[in-house]
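Taking it in order: structure first as structure tokens, then the write-up.
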Amino acid sequence: MPGLRFEWDEQKNVRQEGNMRKHYDFSKASPNPYARRLKQQVTIRLDRDTVAYFRALAHESGVPYQTLINLYLRDCAASRKKLALTWRSDARRGVA
């Protein structure tokens with residue numbers, strides 16, 4: 001049923017079935033003190049192709065592309081995935 005919601009009845013201390021109010025007063029609300037601890041804002045430079053891939057995936061899935069990137073990186077971190085990179089020290093210095 002559209003518009004049908006459950007609300008908390010303070011006097012009876014139970015949930016009541018009812019419609020949502022049109023307006024709510026958040027003037028006395030305070031911000032979540034733990035919100036900043038959940039995420040850290042960073043600046044990262046990504047290849048255009050990488051961003052395009054995640055944007056296309058976001059369009060298909062309906063999930064924001066930055067969230068998809070975070071989920072992918074979180075999965076890599078959780079599984080301790082590591083890249084197999086080998087650097088030749090001479091090549092980095094321009095020595096053949």
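What follows is calculated from the coordinates using simple rules that are stated; it is not laboratory data. Quantities reported herein were computed from a predicted structural model and do not represent experimental measurements. Please note: Cβ atoms are built from the backbone with ideal geometry, for glycine as well, and neighbour counts cover all protein chains shown.
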Taking 41 Å as R0, compute the FRET efficiency from the Cβ-Cβ separation of M20 and R74 and round it to 0.05.
0.80
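What number results when the radius of gyration of region 24-64, computed over Cα atoms, is divided by 2.2 N^0.38 Å? Display every interim value, and only then the final one.
Values: Rg = 16.7 Å, N = 41, 2.2 N^0.38 = 9.0 Å.
Rounded to two decimals, the normalised Rg is 1.85.
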